[in-house]
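Data first, discussion second: the structure below is written as structure tokens.
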Ligand code: NAD
């Protein structure tokens with residue numbers, strides 16, 4: 001795609017947005033319903049494409065589609081209510097008058113998509129952009145060629161490109177897109193690329209939402225329900241072969257139950273994936289050679305409890321459990337983003353808080369397993385992180401009534417459900433002053449008028 005083609009794609013959307021066609025409720029709801037139809041019609045093809053790109057098991061692929069579908073249904077059901085201007089109070093200084101907030105589209109939006117949940121993370125922000133009356137360009141990752149091609153095909157078949165379009169290609173395409181002015185950039189990906197996106201956006205003073213990653217800690221207290229805890233952590237860690245932004249990255253287990261935790265985890269891993277896990281139909285592959293090498297090299301062979309097998313041809317890394325890891329190990333210096341779970345230990349709440357403070361950034365998610373409310377609440381209040389799930393993993397990202405996003409270096413801004421609509425809307429303040437009465441207080445000459453304070 002040439003520079004001219006890319007710039008033209010942006011210009012066409014700018015002109016279309018200026019026609020105001022995208023603003024009306026009827027227009028927006030029609031586009032959301034079209035999206036719902038086309039996603040349903042193509043669900044099997046998406047599942048197939050996800051399998052091709054990531055070796056994704058069918059169940060896990062449907063999981064991605066179901067979350068998307070739930071958000072879409074929610075937007076269709078509530079759009080009219082969301083769009084309604086909100087009446088607010090008018091204070092004494094502004095009387096007589098009436099005040100309201102109008103939800104206006106931002107304009108032309110750019111959505112940049114990572115490789116790990118390519119369907120969800122292309123369309124979930126798009127739902128918000130459409131609901132809020134914007135135009136959008138979607139740029140999927142080049143690491144998922146089959147899924148990205150299908151996303152482009154589906155978008156092309158559903159929308160005129162002056163309204164929503166999908167551009168494929170390498171990072172050169174992204175860089176050229178970023179030369180253009182957008183009204184909002186929604187980026188999901190790594191903190192390092194997030195910095196590049198934010199710097200490019202700054203040139204045009206374009207606001208950004210950054211949905212990033214990081215090391216999400218899991219804390220397992222000695223009073224937890226151990227069997228349940230182990231299963232819920234492992235399912236969050238090994239989904240999509242660990243390539244989930246909010247996957248439990250590592251676990252701090254209370255020293256009293258560390259051995260029991262390791263024993264149970266080993267048993268569950270073998271039970272779920274067998275003693276030769278490369279043969280399991282329920283386990284994804286690593287996206288490319290670079291990430292395969294990166295994750296493989298993070299595994300300290302002498303501390304593997306179970307797993308550790310790799311196959312470069314298949315880009316397979318077995319579900320792996322590590323023991324006796326500390327913050328000095330390489331694996332604790334970066335987001336793992338693979339099917340490896342390091343286990344650390346802690347003695348009390350102060351100890352675990354000190355260890356979490358050593359992480360390279362504020363986590364995107366935190367998981368706490370305990371029956372002790374005091375323990376739970378202390379951690380929820382004390383640890384700065386994007387979101388928390390108590391006694392489970394990943395669930396806070398599935399509930400569209402909760403804001404989803406990071407804090408500090410794990411992200412900026414949040415979305416899902418109504419919050420996606422809010423994110424892609426400008427909240428315009430409108431006050432209508434009455435004309436039946438005019439209080440001359442603010443007109444000159446001020447002379448001896450009363451002091452206001
Ligand atoms: P990435 O940052 O490498 O790529 C994200 C997007 O940016 C892709 O479309 C890619 O093509 C583009 N890109 C990559 N390098 C670029 C460059 N130099 N210039 C311009 N564009 C560039 O991320 P990834 O490897 O695709 O995904 C994994 C990361 O994303 C992890 O860190 C993960 O935690 C994070 N993530 C976060 C969320 C979330 O919702 N917070 C969700 C999924 C993934």
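Here, each number is a calculation from the coordinates, and none is a lab measurement. Small disclaimer: the values here were computed from a predicted structure and weren't measured. Counting neighbours? That spans all protein chains shown, and the Cβs are built from the backbone with ideal geometry, glycine included.
The distance separating the Cα centre of region 1-50 from that of region 384-444 comes to 24 Å.
Descending by average beta-carbon neighbour count within 10 Å, the peptides 168-174, 235-241, 129-135 line up as 129-135, 235-241, 168-174, the highest first.
Relative contact order for the chain: 19 percent, from Cα pairs under 8 Å spaced at least 6 residues apart, divided by residue count. For region 275-433, give the share of DSSP beta bridges that are antiparallel, in percent and rounded to the nearest 5; count only bridges with both residues there. About 40 percent, rounded to the nearest 5. Here r is the Cβ-Cβ distance between residue 426 and residue 392 and R0 is 45 Å; the resulting FRET efficiency, rounded to 0.05, is 0.80. Length gained on full extension, residue 34 to residue 281, computed as 0.36 nm times the residue gap minus the Cα-Cα distance: 85.6 nm. For the pair residue 204 and residue 294 in one chain, pulling the backbone fully straight at 0.36 nm per residue adds 28.9 nm over the alpha carbon distance. For the chain, take the longest principal axis of its alpha carbons; what is the angle in degrees between that and the long axis of helix 373-382, to the nearest 10 within 0 to 90? The two axes meet at around 60 degrees.
Site pair residue 27 and residue 87 shows an inter-label distance of 2.8 nm when each label is modelled 7 Å from Cα along Cα→Cβ.
Each Cα pair under 8 Å and six or more residues apart adds its sequence gap; the mean of these over the residue count of region 217-397 is a relative contact order of 30 percent. Beyond 30 Å, the tail of the calculated P(r) for region 217-397 holds 12 percent of the Cα pairs. Counting every pair of alpha carbons in region 352-453, the share spaced more than 25 Å apart comes to 48 percent. A Förster radius of 41 Å, combined with the Cβ-Cβ distance separating residue 353 from residue 99, puts the computed FRET efficiency at roughly 0.40.
Here the alpha carbons of region 127-174 define both size measures, Rg and Dmax, at 11.0, 30 Å. Against the chain, whose longest principal axis comes from its Cα atoms, helix 191-203 is set at around 20 degrees.
Across the chain, how large is the tail of the calculated P(r) beyond 36 Å, expressed as a percent of all Cα pairs? Taking all Cα-Cα pairs of the chain, the fraction more than 36 Å apart is 35 percent. Dividing the mean sequence gap of close Cα pairs (under 8 Å, 6+ apart) by how many residues region 187-273 holds gives a relative contact order of 30 percent. Taking packing as the residue-averaged number of other Cβ atoms within 10 angstrom, the listed peptides 221-229, 53-61 run from highest to lowest as 53-61, 221-229.
When peptides 99-110, 323-334 are ranked by their average number of other Cβ atoms within 10 Å per residue, the highest-first order is 99-110, 323-334. Separation of region 309-374 and region 255-294, taken as the distance between their Cα centroids, equals 14 angstrom.
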